[in-house]
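S.K.: Before I ask anything, here is the structure I am working with.
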Amino acid sequence: MCIRDRSQIFQVIRGIQTGEKIYAAMAPAFVGQFGPKVTAGKLRAAVKKLGFADVFEVAIGADLCAVQEAEDFLENVPEKLPFMGTSCCPAWVKYVETYYPEMREHISSAKSPIGMQGPTIKTYFAQKMGIDPEKIVNVAVTPCTAKKYEIRREEMHAAGSYLGIEGMRDMDYCITTRELARWACLLYTSPSPRDCS
């Protein structure tokens, strides 16, 4: 049996075509995906050219996650627990939950950087910019396909809970950096779709 991720790029493109405010939350690992010649400025310009309203680097979410994980560590290790693992990787968290549930307490209670960035866009950013948070569509752009599962986890609705908006998700869609690169290649740089594989 083969495991495949389900692409959400169609929904993202359709949202852009219909005029929705689509925001990209870009994982800081983009340098490893696109190479050192692709600067943050060049990537932001390319993503905006695809039709995104704006681009956020998930470094803020990573900082928030690091602070929360440090607080968890100081509170629990070594007095309560002999060690603590990171909660940044949804594949790792799901693995522990599925195969070693007794070890769940050894994982930090922090959400991942994407999990922390999403609510800040729909609360702080929306308020600062005077945008209705219900009009914001957050798209996580990440090298990891496990993030597609993560954004659907039950607890990923902090913005909706804070704002009292039932059903609001912190991140609405997730596409991989590979999907983003192929999309850009197909639209802007390649004479043949075969060159973008």
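The values are calculated or read from the model by the stated rules, or taken from the named source; none is laboratory data. Note that this is a predicted model, so its numbers are computed, not measured. Glycine gets a Cβ as well: all are built from the backbone with ideal geometry, and neighbour counts include every protein chain shown. Ligands, DNA and RNA are excluded from the accessible area calculation, which covers all protein heavy atoms including side chains. Shrake-Rupley method; radii C 1.70, N 1.55, O 1.52, S 1.80 Å.
S.K.: Compute a Gaussian network model of the chain, connecting alpha carbons closer than 10 Å, and tell me which residue from Lys128, Lys21, Lys147 fluctuates the most.
M.R.: Maximum fluctuation in the GNM of the chain, among the listed residues, is at Lys128.
S.K.: Please tell me which of these pairs span more than 27 angstrom C-alpha to C-alpha: Lys49/Lys128; Lys80/Lys147; Lys37/Lys128?
M.R.: Violating the 27 Å limit, Cα to Cα: Lys80/Lys147; Lys37/Lys128.
S.K.: Also, I was wondering about something else. Given the C-alpha atoms of the chain, compute the convex hull and give its volume per residue in Å³.
M.R.: Taking the convex hull of the Cα positions in the chain, it is 151 Å³ per residue.
S.K.: Given Cα pairs under 8 Å that are at least 6 residues apart, what percent is the relative contact order of the chain?
M.R.: Computed value for the chain: 25 percent relative contact order.
S.K.: Please calculate how many Å² of accessible area the range 1-101 carries per residue, with a 1.4 Å probe and no DNA, RNA or ligand atoms counted.
M.R.: 65 Å²
S.K.: Now for a separate question. Take the alpha-carbon centre of the range 111-188, take the same for the range 13-79, and report the distance between them in whole Å.
M.R.: So the two Cα centres are separated by 10 Å.
S.K.: Under unit Cβ charges (Lys, Arg +1; Asp, Glu -1), what dipole magnitude, rounded to 20 debye, does the chain have relative to its Cα centre?
M.R.: 1160 debye
S.K.: Same structure again: Given a 1.4 angstrom probe, I'd like the percentage of the accessible area of the range 95-192 that is carbon and sulfur, rounded to a whole number.
M.R.: Accessible surface attributable to carbon and sulfur in the range 95-192 totals 55 percent.
S.K.: Given Cα pairs under 8 Å that are at least 6 residues apart, what percent is the relative contact order of the range 80-197?
M.R.: Relative contact order, the range 80-197: 22 percent.
S.K.: Could you list which residues have their amide H under 5 Å from that of Glu57, counting only those 5 or more apart in sequence or on another chain, with H placed in the peptide plane?
M.R.: Distant-sequence amide H within range of Glu57: Met26.
S.K.: Rank Arg182, Arg4 by accessible area, highest first, at a 1.4 Å probe radius?
M.R.: I get Arg4, Arg182, largest accessible area first.
S.K.: Now a separate question. Over 18 Å between Cα atoms, which of Lys21/Lys111; Lys111/Lys148; Lys21/Lys122 qualify?
M.R.: Lys21/Lys111
S.K.: Here is a further query. Leaving ligands and nucleic acids out of the surface, order Trp92, Trp183 by accessible area at 1.4 Å, largest first.
M.R.: Largest to smallest exposure gives the sequence Trp92, Trp183.
S.K.: Oh, and also: Scan the range 34-82 for GluC sites (Glu not before Pro) in coil per DSSP, keeping those whose Cβ has at most 10 other Cβ atoms within 10 Å, and list them by number.
M.R.: Filter output for the range 34-82: Glu79.
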